[in-house]
Ligand SMILES: [Zn+2]
């Protein structure tokens, strides 16, 4: 490996996660190898991604992922929903599974619900995700977007995917169909008005939907998504970063769809959690590569 290549690899580091996923190579989980970041894996990814040399991105920022959106914007005006190749789908258990026979099974999907609420927590979450070159879905509440539009813009500009989690976090089966429609529609609308895209992922509060809305999602090209690995940061692990980490590890399996929230103890736990996942060989699914209806 010559020095030019090493430099390229460093500069294109933010692209490597994507490139590795695009390569869909089971032997090169994205983000594996910890701090030294597996040069062999990087070499494979970079060689498969000619765009890595064509679109150098600023290196050294703790939120390197931010650079992906502007870099990609040369070819695609909006980073999400992007025309990224679809490499994964959800199964009935809400696990993320590779579409192709050679896809990387040892992956997790990171999701953060109930924000955007707090600038300090958002800054920390985005910084940690950027450090680990991980993309996540932020399932936001319309009511919180109304209060904190700039936080939504910040999350989106960092290259993450925005999902709909209703306006008020009301449990949908306790509402009329019309009220349920309004929870969904008003949130789609305010997200569209704030960042210019319409979400393709929806997570009903408490994972409970209705027949009425279940019929709507596929017609409107929206994927309803619960989770398959709960951090319990909203329950037994409140104020317990170590508990958040342990709960995720206890339930860890290939394709884990990990439910977390914008909460202080989760924010505190995230760096160590991701480091442990990587040490176990797990990579991160870019939500943009998940198939939607
Ligand atoms: Zn929630």
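Just one of (1) under 18 Å from residue 187 (Cα atoms); (2) part of a strand (DSSP E or B) trips up residue 258, so point out which.
(1)
Within the stretch 208-226, track down each residue that is out of contact with any helix residue (DSSP H, G or I) (no Cβ under 6 Å at 6 or more places or on another chain) and within 20 Å of residue 97 (Cα to Cα).
Passing the criteria: 218, 221, 222, 223, 225.
Just to be sure, is residue 187 within 24 Å of residue 260 (Cα to Cα) and assigned to a loop (DSSP other than H, G, I, E, B)? Step through it out loud before you land on a result.
Numbers: within 24 Å of residue 260 (Cα to Cα): yes; assigned to a loop (DSSP other than H, G, I, E, B): no.
Spelling it out, it is not the case that residue 187 is within 24 Å of residue 260 (Cα to Cα) and assigned to a loop (DSSP other than H, G, I, E, B).
Checking residue 239 against (1) in a helix (DSSP H, G or I); (2) away from the ligand (no atom under 16 Å from the Cβ), which single condition isn't satisfied?
Among (1) in a helix (DSSP H, G or I); (2) away from the ligand (no atom under 16 Å from the Cβ), residue 239 violates only (1).
Here's a check for you: in the stretch 136-146, which residue that is part of a helix (DSSP H, G or I) and within 16 Å of the ligand (Cβ to nearest atom) is farthest from residue 285 (Cα to Cα)?
Residues of the stretch 136-146 that are part of a helix (DSSP H, G or I), as a first pass: 142-146.
Adding the requirement that they be within 16 Å of the ligand (Cβ to nearest atom) leaves 142-145.
Values: 142: 25, 143: 28, 144: 26, 145: 25 Å.
Step by step, filter the stretch 136-146, then rank; the result is 143.
Residue 247 fails exactly one of the following numbered conditions: (1) under 18 Å from residue 95 (Cα atoms); (2) more than 14 Å from the ligand (Cβ to nearest atom); (3) touching a residue at least 60 places away in the same chain (Cβ under 8 Å). What is the number of that condition?
It is condition (3) that residue 247 fails.
Under the condition of being buried (at least 20 other Cβ atoms within 10 Å of the Cβ) and touching a residue at least 60 places away in the same chain (Cβ under 8 Å), which residue from the stretch 165-201 is farthest from the ligand (Cβ to nearest atom)?
Filtering first and then ranking leaves 200.
Kindly check whether there is at least one residue in the stretch 89-111 that is within 16 Å of the ligand (Cβ to nearest atom) and closer than 19 Å to residue 145 by Cα.
Checking the stretch 89-111: at least one residue is within 16 Å of the ligand (Cβ to nearest atom) and closer than 19 Å to residue 145 by Cα.
Among the residues of the stretch 206-224, what is the count of those that are within 12 Å of the ligand (Cβ to nearest atom) and either crowded, with 20+ Cβ neighbours inside 10 Å or part of a loop (DSSP other than H, G, I, E, B) (or both)? Before the answer, list the steps.
Narrowing the stretch 206-224 to residues within 12 Å of the ligand (Cβ to nearest atom): 206-208.
Those left that are additionally either crowded, with 20+ Cβ neighbours inside 10 Å or part of a loop (DSSP other than H, G, I, E, B) (or both): 208.
So the count comes out to 1.
Output the number of residues of the stretch 149-162 satisfying the condition of being closer than 13 Å to residue 194 by Cα and either within 16 Å of the ligand (Cβ to nearest atom) or in contact with a helix residue (DSSP H, G or I) (Cβ under 7 Å, 6 or more places away or on another chain) (or both).
Residues of the stretch 149-162 closer than 13 Å to residue 194 by Cα: 149-157, 162.
Filter once more, so that each one left must be either within 16 Å of the ligand (Cβ to nearest atom) or in contact with a helix residue (DSSP H, G or I) (Cβ under 7 Å, 6 or more places away or on another chain) (or both): 149, 151-157, 162.
Count: 9.
Every number in this text was worked out from the coordinates using simple rules, so none of it is lab data. Keep in mind the model is a prediction, meaning the values are calculated, not measured. Cβ coordinates were reconstructed from backbone atoms using ideal geometry, including for glycine residues, and neighbour counts include every protein chain displayed.
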